[in-house]
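What follows draws every value from the coordinates through simple rules; no lab data is involved. Everything quoted here is computed from the prediction, not taken from an experiment. Glycine also receives a Cβ, built like all others from the backbone with ideal geometry; neighbour counts cover every protein chain displayed.
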Amino acid sequence: MTTSADLFATAQGLMPGGVNSPVRAFGSVGGVPPFMVSGEGPRLRDADGNTYVDLVCSWGPLLLGHAHPGVLEAVHAAVDRGLSFGASTPAEAQLAELVQQRVPAVERIRMVSTGTEATMTAIRLARGFTGRDLVVKFAGCYHGHEDALLVAAGSGLATLSLPGSAGVPAGTVADTVVLPYNDLSAVEELFAERGERIAAIITEAAPANMGVVEPGEGFNAGLRRITAEHGALLILDEVLTGFRVHPAGYWGLSALDEAGTAAWTPDLFTFGKVIGGGLPTAALGGRADVMEFLAPLGPVYQAGTLSGNPVAMAAGVATLQYADGVVYDTIDGLSRQLQAELRSALDAAGVDHTIQHAGNLFSVAFGTSRTGVHDYAQAQAQEAFRYPPFFHAMLDAGVYLPPSVYEAWFLSAAHDDAAMETVIAALPAAAEAAAA
Ligand code: PLP
């Protein structure tokens, strides 16, 4: 049998760190990352024959769990028709319509392949539309690995304690203004000084890359008001939250009333993860007049060989079709249950913590109960050293958590009673390990 240790050793000789995305190398938790060979429902199986209850869910896309029969059937049917045509296909409009039904403010949409591309294009589009250069982002928000957005970016950069990235030209970063999250007065002050030069604010609808941080009451609506007053755009990054916390994303959860009327609406949304159901698809969408600045109608260029790939579209369409109210109610309920169990296990072991949540997304922050975590500085001030022993105790008990304290835990509608029992049974010993 080729073990995960063998596979990792081979991979390290072939790929930087043995991985194709840094957090997979287990740098912040240590140990050999299990190499996964299959997934079914709530579980993953590794090359060593171990099974795990998966609380990563491919970092968000797998709302329905692994290998959902209906999604697989749609994907198989698409595969049988051919993998890529480099031309438009019917499924692109089908996915666009499904998105629009859920998020009517998406008047036009452009499919791309990764969340990074979606936010990168949204920034270019905002600059092209407004004729302005400055972009505002918040410390601890991650929007992918686009140069201008890697400053104070949370996610893998927080995990590896990197302040930004080498290879990003100073000039690129000079046009990015970083502000503390949840601080509307900092935004007001910046716009009072330089509002006429700002193209856009980009913000995670609810940050989940510095651990989960809930936007304060009125924060997102305040960003909408301030940008509108100054002729700047608001880009709501729903790559992680979109179609996961609510049928219409965090915007749907926080801005829509029962009648479907929006209290506020961004100019542009970015989507990823769930929209592709586990295959590489992402999108940006929003106001028609802004979106039509994109080529071929407008002067802002963007393109992609595999954009709108028919197999990826089929996975996205099937995932959204199966993601009905029952799916969201199930995940919400599981999330509440797991948060409560996690809290009581940590309390019983005397581990100071907060459970950070936004909708059904949550994460744990250690040693933070005095202040809570409302911004990146507070997220970074936590007792992060408690997470690796906690993580490994869970892994040993068959639970695959995100290998970083700065990431959200992901559930799916396939997490059944047996899976939840495995997780809950593992918590007390993991809490004891975190206490040590
Ligand atoms: N935006 C947010 C909020 C994300 O969480 C991520 C990835 O985790 C991205 C953008 C980048 O997406 P991708 O990894 O598909 O490039």
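Of the residues Ala393, Ala232, Ala166, which exhibits the maximal mean-square fluctuation in a Gaussian network model of the chain defined by a 10 Å Cα contact cut-off?
So, out of Ala393, Ala232, Ala166, the one fluctuating most is Ala166.
Can you compute the label reach from Asp396? Point 7 Å from Cα along the Cβ direction, backbone N cut-off under 18 Å, restricted to the stretch 19-46.
Label zone hits: 29-34.
For every helix of n ≥ 4 consecutive DSSP H residues, a contribution of -39,500 (n - 2.57) applies; sum these over the chain, divide by its total residues, and give [θ] at 222 nm rounded to the nearest 500 deg cm²/dmol.
Value at 222 nm, helices only: -11500 deg cm²/dmol.
What nm distance separates the two modelled labels at Glu193 and Val32, each placed 7 Å from Cα along Cα→Cβ?
5.3 nm
If each residue of separation counts as 0.36 nm, what is the full-extension length gain between Ala418 and Ala186 once their alpha-carbon separation is subtracted?
78.8 nm
Across the stretch 326-436, what fraction of all alpha-carbon pairs, as a whole percent, falls in each successive 5 Å bin from zero upward?
All Cα pairs considered, the percentages come to 2, 12, 23, 27, 20, 11, 5, 1, 0.
By how many nm would the segment from Gln101 to Leu306 grow when fully extended, if each residue of separation counts as 0.36 nm and the alpha-carbon distance is taken off?
71.3 nm
Report the paramagnetic label zone for Gln12: residues of the stretch 33-55 whose backbone N is under 12 Å from a point 7 Å from Cα along the Cα-to-Cβ axis.
33
Rank Arg81, Arg43, Arg127 by mean-square fluctuation in a GNM of the chain with C-alpha springs under 10 angstrom and give only the top-ranked residue.
Arg81
Pull out a ≥ b ≥ c, the square roots of the eigenvalues of the alpha-carbon gyration tensor of the stretch 1-146, then state rounded if a/c is under 1.5, prolate if not and a/b is larger than b/c, and oblate in the remaining case.
Since a/c reaches 1.5 but b/c is at least a/b, the shape of the stretch 1-146 is classed as oblate.
Determine which residues of the stretch 219-250 fall in the zone a paramagnetic label at Arg336 would reach in this model, i.e. backbone nitrogen under 18 Å from the point 7 Å along Cα→Cβ.
Counting backbone N atoms under 18 Å from the label point, the list is 245-247.
At q = 0.07, 0.11, 0.13, 0.16 Å⁻¹, what log₁₀ I(q)/I(0) does the stretch 69-322 have when each alpha carbon counts as one equal point scatterer in the Debye sum?
Rounded to two decimals, the profile gives -0.23, -0.56, -0.79, -1.19.
Between Val213, Val135, Val32, where does the largest GNM mean-square fluctuation fall for the chain, given springs only between Cα atoms within less than 10 Å?
Highest fluctuation of the listed residues: Val32.
Full-extension gain between Arg370 and Ala5, please, as 0.36 nm times their residue separation minus the C-alpha to C-alpha distance.
127.3 nm
Between Glu40 and Glu292, what is the label-point separation in nm under the 7 Å Cα-to-beta-carbon projection?
With each label point 7 Å from Cα toward Cβ, the separation is 5.2 nm.
Given the convex hull over the Cα atoms of the stretch 257-404, what projected area results after averaging over all orientations, in nm²?
Average projection, Cα convex hull of the stretch 257-404: 13.3 nm².
Say each of Ala348 and Thr261 gets a label point 7 Å from the Cα, pointing the same way as Cα to Cβ; how far apart are those two points in nm?
Here the modelled spin labels are 4.8 nm apart.
If you wrap a convex hull around the alpha carbons of the chain, what volume per residue comes out, as a whole number of Å³?
In the chain, the Cα hull volume divided by residue count equals 143 Å³.
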